[in-house]
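First up is the structure itself, then whatever we jot down about it.
The values are calculated or read from the model by the stated rules, or taken from the named source; none is laboratory data. For clarity, every value in this text was computed on a predicted model and none was experimentally measured. So basically every Cβ, Gly included, is an ideal-geometry build from the backbone, and we count neighbours across all protein chains shown. Only protein heavy atoms, including side chains, enter the accessible area calculation; ligands, DNA and RNA are left aside. Shrake-Rupley method; radii C 1.70, N 1.55, O 1.52, S 1.80 Å.
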Amino acid sequence: MNNHVHQPEAIPTRHKPKRDLLELRQEIPSSIFSAAGFVVPALLLFSWWLVTELGFVRPLFLPSPQAVVMEGWRQLSEGVLVADASISIYRIVVGWLAATIVAVPIGILMGNYRIIEGSLEPLISTVRYMPVVALIPLSILWTGIGDAQKILILFLGTFFQQSLMIMDNVKNIDMNLIRAGQTLGFSNSEILRRIILPAASPGIWDTFRITIGWTWTYLVVAELVAASEGLGRRIMDAQRYLATDTILFGTLFIGLLGLLTDYVFKKSGQSLFRWNSQTR
């Protein structure tokens, strides 16, 4: 006779999984996400202040944060900053819009028609590796030394990469969607208008956001020669006199304007394409 009494097996307790901040593709609370964006800049700013405050670096090579802020306040109070920013923003907007107006149809055509891709992609891929700064003499010869020359440099620095990125945005559309349109009897233009463009729009908008950031990086190059106003020109003039506080402020201010532009495009994309789960 078996005297052993069988005890019921213990049911394992389910522990609520811990949220790992470093887990792949794991969502984290928005408060932590936002706070993380301030931690690194705050640490860098503190390190910058500490290094200059303790005298580890001479002000000629690295001015203190206070000196940079004072230089910014001087330019703002004298009206210099607003004047420079206005002309630079005008050049950025016109140069980027001109590149976008041309790049969008070319990129869409290359993404949909192999013959056009084969005709244009090798040329565009070659030219996009050419340094834009090397084209400054030709741009002056072609357009003079006015705003048109600066806008042309911004156009050249943006157009070629943007065309290829839009081509990739269009080519990444699922072919099953296109076949479904063909099954329904849609013409090529209807497939392009009703299927391809709506599906590619979030990616194209993200391309806009990225490429306008590149346009900002070409600003100093565009205003390198024969410019009397502009944020880039102010930085180049400061280089002659070793005014590192002006150089550093101008560089940080351009970065701030670029960040603001990026934020506007990102929020606009989230509003325009709420149906797209990848638009965040």
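Quick one: Debye curve from the C-alpha atoms of the chain, no solvent, what's log10 I(q)/I(0) at q = 0.08, 0.10, 0.11, 0.17 Å⁻¹? Scattering profile of the chain, log10 relative to I(0): -0.52, -0.74, -0.85, -1.33.
Hey, can you find the accessible area per residue of the stretch 153-280 for me, probe 1.4 Å, expressed in square angstrom? Kindly include the intermediate steps, with their values, before the conclusion.
Values: 6780 Å² over 128 residues.
Per residue, the stretch 153-280 has an accessible area of 53 Å².
Of all chymotrypsin sites (Phe, Trp or Tyr not before Pro) in the stretch 239-269, which ones are in loop regions per DSSP and have a Cβ with at most 16 other Cβ atoms within 10 Å? List each step's numbers first, then the result.
Working: sites: Y241, F249, F253, Y263, F265; in loops: Y241.
Taking the stretch 239-269 and a limit of 16 other Cβ atoms within 10 Å, the loop chymotrypsin sites (Phe, Trp or Tyr not before Pro) found are Y241.
Quick one: grab the alpha carbon gyration tensor of the stretch 12-155, order the square roots of its eigenvalues as a ≥ b ≥ c, and give me rounded if a/c is under 1.5, else prolate or oblate depending on whether a/b is larger than b/c. Walk me through the numbers before you get to the answer.
Working: a/c = 2.58, a/b = 1.17, b/c = 2.21.
It is oblate, given that a/c is not under 1.5 and a/b is not larger than b/c.
First compute the accessible area of the stretch 95-219 with a 1.4 Å probe, then give the percent of it belonging to carbon and sulfur atoms.
Details: 4180 of 6310 Å².
Carbon plus sulfur share of accessible area: 66 percent.
Between I140, I191, Y90, the Cα set farthest toward the positive side of the dipole of the chain (charges on each charged residue's Cβ, about the Cα centre) is that of I191.
Karplus-derived 3J(HN,Hα) values for the stretch 172-188, using 6.51 cos²θ - 1.76 cosθ + 1.60 with θ = phi - 60°, are 7, 5, 4, 4, 4, 5, 5, 5, 5, x, 5, 5, 7, x, 5, 6, 4 Hz; glycine and proline are entered as x. Taken one residue at a time, the phi angles of the stretch 101-113 give Karplus couplings (6.51, -1.76, 1.60, θ = phi - 60°) of 4, 7, 6, 4, x, 5, x, 5, 5, 5, x, 10, 10 Hz. Gly and Pro are set to x.
Under 1.5 on a/c is rounded, so check that first for the stretch 209-253, then, if it is not, pick prolate when a/b is larger than b/c and oblate when it is not; a ≥ b ≥ c are the square roots of the alpha carbon gyration tensor eigenvalues.
Working: a/c = 3.02, a/b = 1.55, b/c = 1.94.
Oblate, since a/c reaches 1.5 and b/c is not below a/b.
Among the GluC sites (Glu not before Pro) within the stretch 46-96, those in coil by DSSP and having at most 15 neighbouring Cβ atoms inside 10 Å are E78. Each Lys and Arg Cβ is given +1 and each Asp and Glu Cβ -1; about its Cα centre, the chain then shows a dipole of about 580 debye.
I28 sits with roughly 50 Å² accessible to a 1.4 Å probe, with DNA, RNA and ligands left out of the calculation.
Would you mind classifying the stretch 95-219 by shape? Square roots of the alpha carbon gyration tensor eigenvalues, ordered a ≥ b ≥ c; an a/c under 1.5 is rounded, otherwise it is prolate if a/b is larger than b/c and oblate if not.
The shape class here is prolate.
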